[in-house]
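Only one structure is covered here, and it is reproduced in the block below.
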Amino acid sequence: HPAPISVPLASEASAEGAVSQGGGPLEGFHAELVVEGSMSERLAAPDNADLVVFYGGEEKGVLGPCGCPSRPRGGLARQASYIAASRGSGVPTLVLNGGYWLEDAMSLDGTARADVPILNHWMVKGLERFRPDALNVAYNDMAGITSLGDVSVDLPMVSANVDGAGIRPSMVVEKGEYSIGITGITTPGVTFLETPGFVVTDPVKSGRAVLEELAPKVDLVFLLVYGDPTAAKKLAQMGLVDVVIDTNAHREYYQPFWQDDAFWVRSHVQTMRLGELRLVLGEDGLIAAVDRKIDMDAAIPVDLESEHFVKSAQGEVDAAYEAAFGRKKRTKTP
């Protein structure tokens, strides 16, 4: 396996990939950035992890890679391929999305942009195939869901401060011998614009109420956060959260850190880098962790079925865009 790459350290972390707490390195907690090698070389070496958590977010209705002209990364098919290969180790896995998985772009008249319903239709179908364990509902996702009209979204949506059809305030999933509690919060966004069918409440007040009910029932609590790290820090200070997954357009590499008793990681925008959090659990919760960031570039293979699905979707999306704007989209997706 290639060695983890040395990178500039976030202010919360100490040297050489060790995670810090109170100014010094904390034994058993590490970070890795993996940007080269074949997929088999990028997979984690055998370890003593009790649970592996894959996380990302901010796909914004895009099934495929980011469309960057140089080295496009991301895409559900690559995520699925990597996760499937990792599951071969037999360690229980959890797949989480921090939010903004649908597109919310609007036309000048305030309605969804003409191609948005098609984008979101295919994204929902893709996520149904991908089968994540939980998706946080960002305020942007509310407009995305609305763009689908009367179509119901049968996905494991969760939010402590967004109330709407199909959204649960929290959920509990069983992974191996552990009960895992999951909830999420979002920034309220533009408060003077209302989305019919949804009610957004204060993330701290609502988050606390949900966490106080959830935490005593489970072995480990995950808080998915979209766009409001300040609210998340207030909730972490209450001692009700074990792991925070912070989704907020992060484009750089950030090492994890501790916020009070919560282990804090940041997802990469558009899941161009897939987060892989390998946790060792004990009677008192989290006792060790490795937070890995894996580049989702062309070295990650996709199976033919997934590739066919993405191409079918892309054909309809491109046609809708051209019909709406009279020109082809100026992005490049392999």
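How many residues are crowded, with 19+ Cβ neighbours inside 10 Å and either aromatic (Phe, Trp, Tyr) or at pLDDT 95 or above (or both) if we restrict to the range 148-163? Spell out how you get there, then give the answer.
From the range 148-163, those crowded, with 19+ Cβ neighbours inside 10 Å are 153, 155-162; that's our starting set.
Next cut, either aromatic (Phe, Trp, Tyr) or at pLDDT 95 or above (or both) only: 155-162.
Of the residues in the range 148-163, 8 are crowded, with 19+ Cβ neighbours inside 10 Å and either aromatic (Phe, Trp, Tyr) or at pLDDT 95 or above (or both).
Is at least one residue of the range 190-206 in a loop (DSSP other than H, G, I, E, B), open to solvent by 20 Å² or more (accessible area, probe 1.4 Å) and under 27 Å from residue 83 (Cβ atoms)? Before you say what the answer is, go through the steps one by one.
Within the range 190-206, the subset in a loop (DSSP other than H, G, I, E, B) is 190-198, 201-202.
Retained after the next criterion (residues that are open to solvent by 20 Å² or more (accessible area, probe 1.4 Å)): 190-198, 201-202.
Subset that is under 27 Å from residue 83 (Cβ atoms): none.
Looking through the range 190-206, none of the residues is in a loop (DSSP other than H, G, I, E, B), open to solvent by 20 Å² or more (accessible area, probe 1.4 Å) and under 27 Å from residue 83 (Cβ atoms).
For the range 164-181, enumerate the residues that are surrounded by 15 or more Cβ atoms within 10 Å (Cβ to Cβ) and within 23 Å of residue 125 (Cβ to Cβ).
164, 167, 168, 171, 173
Tell me the strands (runs of 3 or more DSSP E) entirely within the range 238-333 that contain at least 1 residues that are modelled with pLDDT under 90. Give the derivation first.
Working: elements: 243-247, 257-259, 262-266, 273-282, 285-295.
Where strands (runs of 3 or more DSSP E) fall fully within the range 238-333 and carry at least 1 residues being modelled with pLDDT under 90, they are 285-295.
Applying the selection to the range 8-46, what residues are buried (at least 19 other Cβ atoms within 10 Å of the Cβ), outside any strand (DSSP E or B) and at pLDDT 90 or above?
If the condition is that a residue be buried (at least 19 other Cβ atoms within 10 Å of the Cβ), outside any strand (DSSP E or B) and at pLDDT 90 or above, then 42, 43 are the ones that fit.
Within the range 256-275, is even one residue of a type in the set (S, T, N, Q), open to solvent by 10 Å² or more (accessible area, probe 1.4 Å) and within 16 Å of residue 30 (Cα to Cα)?
Initially, the range 256-275 is screened for residues of a type in the set (S, T, N, Q), giving 259, 267, 270-271.
After this cut, where a residue has to be open to solvent by 10 Å² or more (accessible area, probe 1.4 Å) as well, the list is 259, 270.
Within this subset, residues satisfying the condition of being within 16 Å of residue 30 (Cα to Cα) are 259.
Yes, the range 256-275 contains at least one residue that is of a type in the set (S, T, N, Q), open to solvent by 10 Å² or more (accessible area, probe 1.4 Å) and within 16 Å of residue 30 (Cα to Cα).
In the range 207-233, which residues are in a loop (DSSP other than H, G, I, E, B), more than 12 Å from residue 137 (Cα to Cα) and touching a residue at least 60 places away in the same chain (Cβ under 8 Å)?
Once the filter is applied, which keeps residues that are in a loop (DSSP other than H, G, I, E, B), more than 12 Å from residue 137 (Cα to Cα) and touching a residue at least 60 places away in the same chain (Cβ under 8 Å), the range 207-233 yields only 219.
Please state which one of 72, 132, 117 is assigned to a loop (DSSP other than H, G, I, E, B) and either out of contact with any strand residue (DSSP E or B) (no Cβ under 9 Å at 6 or more places or on another chain) or at pLDDT below 90 (or both). First the steps, then the outcome.
On the way: 132 fails: either out of contact with any strand residue (DSSP E or B) (no Cβ under 9 Å at 6 or more places or on another chain) or at pLDDT below 90 (or both); 117 fails: assigned to a loop (DSSP other than H, G, I, E, B).
Residue meeting the stated conditions: 72.
Do we find a residue being open to solvent by 10 Å² or more (accessible area, probe 1.4 Å) and free of Cβ contacts under 8 Å to residues at least 12 places away in the same chain anywhere in the range 288-301?
The answer is no, given that none of the residues of the range 288-301 is open to solvent by 10 Å² or more (accessible area, probe 1.4 Å) and free of Cβ contacts under 8 Å to residues at least 12 places away in the same chain.
Quick check, is residue 74 closer than 23 Å to residue 243 by Cα, open to solvent by less than 10 Å² (accessible area, probe 1.4 Å) and in contact (Cβ under 8 Å) with a residue 60 or more places away in the chain?
On the way: closer than 23 Å to residue 243 by Cα: no; open to solvent by less than 10 Å² (accessible area, probe 1.4 Å): yes; in contact (Cβ under 8 Å) with a residue 60 or more places away in the chain: yes.
For residue 74, the condition - closer than 23 Å to residue 243 by Cα, open to solvent by less than 10 Å² (accessible area, probe 1.4 Å) and in contact (Cβ under 8 Å) with a residue 60 or more places away in the chain - is not met.
The values are calculated or read from the model by the stated rules, or taken from the named source; none is laboratory data. All values reported here derive from a predicted model rather than from experimental measurement. No Cβ is skipped: glycine too gets one built from the backbone with ideal geometry, and neighbour counts run over all protein chains shown. Accessible surface is based on the protein model in full, side chains and every heavy atom, while ligands, DNA and RNA are left aside. Shrake-Rupley method; radii C 1.70, N 1.55, O 1.52, S 1.80 Å.
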